[in-house]
Amino acid sequence: MKKILCMAALLLQLAFVQGTGAEGVNAVENSGTDNTSLYIGLYDEIGFFSNYTGINFGAAARIGKYTIGLQQKVAFGYTNQEIVGITDFRLYPHDQIFINVGASYLLAASNKGIKEDFQAAFLPVLGFGCLLPIKHTGIRLVPTLQMNQSYYLTDEIREVYTDLPFIIAMTTGLGVEIY
């Protein structure tokens with residue numbers, strides 16, 4: 001828990017302290033030739049119930065004052081050994097900061113023979129992150145903070161957690177995207 005809170009604090013600092021030099025400003029807007037960008041990346045997330053490693057790919061396009069994007073992630077959860085998909089939309093209120101909203105779903109259930117705690121086909125995902133371009137490379141670091149939910153709970157938390165009126169947990173992560 002302490003590790004997650006420290007990473008969340010670092011993410012907030014990076015999001016608001018990151019310089020706005022020529023390489024940083026308009027990172028999304030200038031990464032394509034017609035105000036669109038495509039990217040592919042790797043990421044790792046640490047969460048309350050599991051750690052996830054995966055790949056992501058997406059597209060972003062400038063529409064008026066804002067940039068919007070669509071992203072697909074595929075991740076492996078180490079604790080329960082499930083494969084999860086996440087599809088989300090990104091809204092960039094600033095070229096280096098985004099808010100994402102979407103849904104997660106199981107692509108392959110846990111191979112540990114355990115039962116899913118939430119029988120929903122889709123679980124909500126809501127978060128934010130920032131883009132930290134590495135000078136002159138076409139690569140950016142992408143720290144994120146996500147509110148989401150694992151399909152599997154630990155025995156210690158299951159009794160308390162399933163009585164809550166909503167299903168929410170948190171992951172903090174770091175990705176590397178090439179655009």
ask   = Could you give me the ³J(HN,Hα) list for region 116-129, computed from phi with Karplus coefficients 6.51, -1.76, 1.60 and θ = phi - 60°, whole Hz, x at Gly and Pro?
value = 5, 7, 10, 8, 6, 6, 10, 10, x, 9, 9, x, 8, x
ask   = How much of the calculated P(r) for region 52-179 lies past 22 Å, in percent of all Cα pairs?
value = 40
ask   = Using the Cβ atoms and a cut-off under 14 Å, what net charge is assigned to the surroundings of GLN146, where Lys and Arg are +1 and Asp and Glu are -1?
value = -1
remark   = Checking rank on 91-104, 126-139, with mean other Cβ inside 10 Å and highest first, the result is 91-104, 126-139
remark   = Between the modelled labels at LEU42 and PHE76 (7 Å from Cα along Cα→Cβ) the distance in nm is 1.2
task = Would you grab the residues whose amide H sits under 5 Å from the one on ASP117? Only those 5+ places off in sequence or on another chain, please, with H modelled 1.01 Å from N.
result = TYR152, LEU153
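Values in this text are rule-based calculations from the coordinates and carry no lab data. This one's a predicted model, so the numbers in the text were calculated from it and none came from an experiment. Every residue, glycine as well, gets a Cβ built from its backbone with ideal geometry; the counts of neighbours run over all protein chains shown.
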